[in-house]
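Novice: Structure below; questions to follow.
Rule-based calculations on the coordinates, nothing more; no lab input. Since the structure is predicted, the reported quantities are computational estimates derived from the model, not experimental observations. Cβ atoms come from the backbone with ideal geometry, glycine included; neighbour counts cover every protein chain shown.
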């Protein structure tokens with residue numbers, strides 16, 4: 001069965017896109033994607049009855065009561081180290097310094113991660129456009145409250161299903177540029193999942209094996225040359241065998257078998273891409289085709305070095321991207 005709606009993680013993209021802008025044309029400060037490695041932490045030995053017991057205390061508006069067995073498992077796997085990588089596009093910034101703040105919060109609705117008592121600052125500093133990478137152990141953080149509440153427990157409190165579909169910890173990156181006053185936020189969910197069934201496997205980051213330019217391989221580091229204003233066809237190398245089968249629990253705590261249907265987002269620093277996103281599945285479960293077209297800037301009169309980013313998502317929180325470059329002449 002192809003996954004239509006079910007998702008264990010989400011990413012809220014941020015940028016300074018105006019209503020008249022084409023989202024495929026990256027000309028301003030924005031975050032195009034966030035990769036977490038691993039994209040999911042699977043907790044073995046986590047009996048479904050433990051989650052049910054934890055949720056029972058909150059069924060009538062009370063607090064989540066975490067059984068000792070579940071507490072020990074959460075504390076063990078919450079300490080897993082995560083590598084966080086954000087793809088920051090700032091083509092007009094010319095390498096300008098950008099201030100950043102990275103925080104973890106309990107409530108997904110807290111988009112800037114500032115709700116009093118429900119967030120933990122992870123780090124802050126200065127970076128530039130490109131890939132921003134750091135390592136962290138966000139699941140082990142403790143809230144600054146009188147009870148010294150573990151952050152993951154507060155995440156469970158805010159979750160409608162009390163962790164049944166995974167404990168989804170929001171990680172929020174704030175990026176600001178002092179010279180223009182721009183400030184953007186991007187939220188990514190780090191998922192800690194109980195392994196209810198032996199058939200459940202930890203998610204693996206999706207990786208595009210390659211991409212083609214007008215049917216020809218486009219290798220990493222190769223700069224494609226193009227002249228004129230005719231469109232160029234782009235498509236990823238076949239990755240159908242890389243899409244994983246996976247298992248999730250139903251509300252009745254029975255296994256549900258699904259298959260990934262990757263989506264690819266196509267972006268460029270010059271011209272536009274059509275369509276913006278390919279793949280996924282439609283309402284009848286048919287998988288969309290992965291092909292798009294790049295249209296050079298029809299108003300440009302000067303040569304340009306063009307950067308392309310192709311971002312792939314597996315629908316379960318896994319994400320990565322390819323970067324390619326071309327030189328265009330009018």
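Novice: Mind ranking 76-85, 128-137 by how tightly packed they are, going by the mean number of other C-beta atoms within 10 angstrom, highest first?
Specialist: Ranking the peptides 76-85, 128-137 by packing returns 76-85, 128-137.
Novice: Moving on to the next point. How would you classify region 177-304 from its alpha-carbon gyration tensor, with a ≥ b ≥ c the square roots of the eigenvalues: rounded for a/c under 1.5, else prolate if a/b is greater than b/c, otherwise oblate?
Specialist: Prolate.
Novice: Can you give the relative contact order of the chain as a percent, counting alpha carbon pairs under 8 Å and 6+ residues apart?
Specialist: Worked out over the chain, it gives 22 percent.
Novice: Give me the three principal axis extents of the chain from the C-alpha atoms, as integers in angstrom, largest value leading.
Specialist: Answer, in whole Å and largest first: 67, 46, 32 Å.
Novice: Distance between the C-alpha centers of region 153-218 and region 294-330? Whole Å please.
Specialist: About 22 Å separates the Cα centre of region 153-218 from the one of region 294-330.
Novice: Note down the nm distance, to one decimal, between modelled labels 7 Å out along Cα→Cβ at residue 222 and at residue 128.
Specialist: 2.9 nm
Novice: Which FRET efficiency, nearest 0.05, do residue 96 and residue 240 yield, Cβ-Cβ r, R0 35 Å?
Specialist: 0.25
Novice: With everything on Cα atoms, drop me the angle between helix 68-78 and the longest principal axis of the chain, reported from 0 to 90° to the nearest 10.
Specialist: 20 degrees
Novice: Please find the FRET efficiency linking residue 199 to residue 135, where r is the Cβ-Cβ separation and R0 is fixed at 35 Å, and quote it to the nearest 0.05.
Specialist: That pair, residue 199 with residue 135, gives E of 0.70.
Novice: While we're on this one: Would you kindly state how much longer the chain becomes between residue 259 and residue 80 on full extension, computed as 0.36 nm times their sequence separation minus their alpha carbon distance, in nm to one decimal?
Specialist: Once the chain is fully extended between residue 259 and residue 80, it gains 61.8 nm.
Novice: Kindly state, to the nearest 0.05, the FRET efficiency for residue 299 paired with residue 121, given R0 = 35 Å and r defined as their beta-carbon distance.
Specialist: E(calc), rounded to 0.05, equals 0.20.
Novice: With the Cα gyration tensor of region 136-220 in hand, give its eigenvalues times 5 under a square root as the equivalent ellipsoid semi-axes, listed largest first in whole angstrom.
Specialist: 34, 26, 10
Novice: Still on this structure, please answer the following. Using the reciprocal of the averaged 1/r over all distinct C-alpha pairs, how large is the Kirkwood radius of region 234-309 in Å?
Specialist: Across region 234-309, the inverse of the average 1/r is 15.2 Å.
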